[in-house]
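Just below is one structure, and these are the notes that go with it.
Rule-based calculations on the coordinates, nothing more; no lab input. All values reported here derive from a predicted model rather than from experimental measurement. Here the Cβ is made from the backbone with ideal geometry for all residues, glycine too, and neighbour counts use every protein chain on show.
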Amino acid sequence: MTLVENEDAVDYKCLNCGVCCESLLHDRQGVRKGLPLLPGETEIFLKSHIRPAYGIGSNPRDPGFEVIAYQMRLAHCPHRRLGGCDAHAYRPAVCRSYPYIPVISHGLRVVKTFDMTCTALAGARERYCGGMVPVLQSSVQTEAEIYPLVASLTERILMDVSHSWFYNLRTGRWVPLARMLPPDTH
Ligand code: SF4
Ligand code: SF4
């Protein structure tokens, strides 16, 4: 994936297929993650669908432990409708910035990348025979503007990995973030 500004590039446009809104749970190394939410976004969903996501502190039982982000626990978003998203005007930042996603790379750096499972991009990749897909920069401008808000969460937990925790939806328990990081990122 590369961003360019020429007429041969892919003009990115969401196809409204709903795949990204109906497969929101991700399991890795025994940890289940849901749709990430910034602290001010929890009211977009029913209270019973919200769980904490990232927390900072020595121990989740400590009184000073701070929850800095939340997650929605369902695989299928309750806002998804056949015609699209019924929360479109106030949908979470992670939905606004998609298909941009932050990835933790070697040296604990946050790297901006595209989620190639997005149907619009997967289709484009087929056209380019699995090679680098040139995307029209102006067609992902809005998503790029929101992305820093989403990335700031990942950046914050990486500032002090030894005091960062993630709430595992599978077990209902907090997991030290250090235990979730792939070994090649340290
Ligand atoms: S997977 Fe991609 S194309 Fe489909 S709804 Fe989500 S953003 Fe749009
Ligand atoms: S809030 Fe809207 S865009 Fe976000 S996952 Fe739900 S249906 Fe999809």
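List of remarks:
- Shape of the stretch 82-186, Cα gyration tensor, a/c cut at 1.5: prolate
- Cross-link partners of Lys112 among aspartates and glutamates (Cα-Cα below 14 Å; sequence separation of 8 or more within a chain): Glu143, Glu145, Glu155
- Between 0 and 90°, nearest 10: helix 141-159 axis offset from the chain longest Cα axis: 30
- Anchor Lys33: lysines whose Cα lies under 18 Å away (excluding residues fewer than 8 positions away in-chain): Lys47
- Spin-label model distance (nm) - Thr113 vs Asp160, 7 Å beyond Cα toward Cβ: 2.9
- Ser48 paired with Ser138, simple spin-label distance in nm, labels 7 Å along Cα-to-beta-carbon: 4.8
- Residues Tyr90 and Arg127, FRET efficiency given R0 of 30 Å [Cβ-Cβ distance, rounded to 0.05]: 0.30
- Placing +1 on each Lys and Arg Cβ and -1 on each Asp and Glu Cβ, with no other charges, gives the stretch 2-178 a dipole about its Cα centre of roughly 760 debye.
- Part-to-part distance (alpha-carbon centres) for the stretch 164-180 and the stretch 1-28, which is given in Å: 28
- Selection from Asn168, Ala9, Thr154 lying farthest towards where the dipole of the stretch 2-178 points positive, charges on Cβ: Asn168
- Shape call, the stretch 2-178: gyration tensor on alpha carbons, a/c limit 1.5: prolate
- Neighbour-count order for Ser48, Ser164, fewest beta carbons within 10 angstrom listed first: Ser48, Ser164
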